[in-house]
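Here the structure is laid out as C-alpha cells; the discussion comes afterwards.
The values are calculated or read from the model by the stated rules, or taken from the named source; none is laboratory data. Just so we're clear, the structure is a prediction, and the values are computed from it rather than from any experiment. Note that each Cβ is placed from the backbone with ideal geometry, even for glycine, and that neighbours are counted across all protein chains shown.
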Amino acid sequence: MSLKYAYLGPAGTFTQAALQKIADSSDELIPYANVTAALNAVRSGECAKALVPIENSVEGVVARTLDELAIGDALVITAETTLPVSFSLMSLENKDPKSINSIATHPHAESQCREYIAKNFPNAQVIESSSTAAAAKGLSKVSMTRLLLRQLLLKIII
C-alpha cells in the first residue's frame, strides 16, 4: 500500500534525499514550502506521514520543527533517519572566486560552511534562503532572467 508523505521542499532538498531512503518507490512524496505546512498536511489528513529536519550536527535542534511539534494537534514520531550531507558552491559562469560577492544558502548549511566561506570568500554577503535547493533554483532563475534581458536588449538594438 502506497503512502503520501509530506516533506520540507522544494524538490532536491536534503529532506527529500532522506525521505527517499525510507519511502517505498510507490509512495507519493509531496514537497511543502516549510515545516509548518508539511506537518499540517499530516494533521489535516492530506498526507499519512511527514519527514522534516529535527536536528543538525552543527547547529543542533531545528527550532521550528520542535516548536511545531509542541503546538497544534499532537503528532507522533514513528521513525528517524540520518543523512550525511556535503555542499557545493555553484555560480552562473566559471567565475574567479575572488569576484563572488554573495552566497545564497540555508542558515544551517551556512553554519556548516562558515569557516570555509570566511576563509575563501571573506567579502561575500551571505543571503538566507529557505533551503540550499531553493538557493540553487534561484540561481537558475537569475540565469534565465539575464538571458531574457540580453535577448530583449538585442531586439532593441537591432
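Determine whether N120 is touching a Gly at 6+ places or on another chain (Cβ under 9 Å) and without any contact (Cβ under 8 Å) to a residue 40 or more places away in the chain. Outline the logic, then answer.
On the way: touching a Gly at 6+ places or on another chain (Cβ under 9 Å): no; without any contact (Cβ under 8 Å) to a residue 40 or more places away in the chain: yes.
It is false that N120 is touching a Gly at 6+ places or on another chain (Cβ under 9 Å) and without any contact (Cβ under 8 Å) to a residue 40 or more places away in the chain.
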Exercise. Would it be correct to say that K95 is part of a loop (DSSP other than H, G, I, E, B) and either assigned by TED's automatic domain parsing to the domain that holds G12 or modelled with pLDDT under 90 (or both)?
Worked result: yes
For this session: Could you tell me whether the range 20-38 includes any residue that is modelled with pLDDT under 90 and within 23 Å of A133 (Cα to Cα)?
Result: no
Exercise. So is E28 among the acidic types (D, E), touching a strand residue (DSSP E or B) at 6+ places or on another chain (Cβ under 6 Å) and assigned by TED's automatic domain parsing to the domain that holds S130 or not?
Worked result: no
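Please specify each residue of the range 54-78 satisfying the condition of being in contact with a Ser or Thr (Cβ under 6 Å, 6 or more places away or on another chain) and either in a loop (DSSP other than H, G, I, E, B) or of a type in the set (G, A, S) (or both).
Start the filter on the range 54-78 by keeping residues that are in contact with a Ser or Thr (Cβ under 6 Å, 6 or more places away or on another chain), which leaves 54, 58-59, 68.
Residues satisfying the conditions are I54, V58, E59.
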Exercise. Could you list, in sequence order, the residues of the range 1-52 that are in contact with a helix residue (DSSP H, G or I) (Cβ under 6 Å, 6 or more places away or on another chain), of a type outside the set (S, T, N, Q) and outside any strand (DSSP E or B)?
Worked result: P10, G12, V35, L39, C47, V52
Exercise. So is E110 within 13 Å of the chain's Cα centre (by Cα), part of a helix (DSSP H, G or I) and under 23 Å from E59 (Cα atoms) or not?
Worked result: yes
For this session: Report yes if some residue within the range 86-95 is loosely packed, with under 11 Cβ neighbours inside 10 Å and within 18 Å of T13 (Cβ to Cβ); otherwise report no.
Result: yes
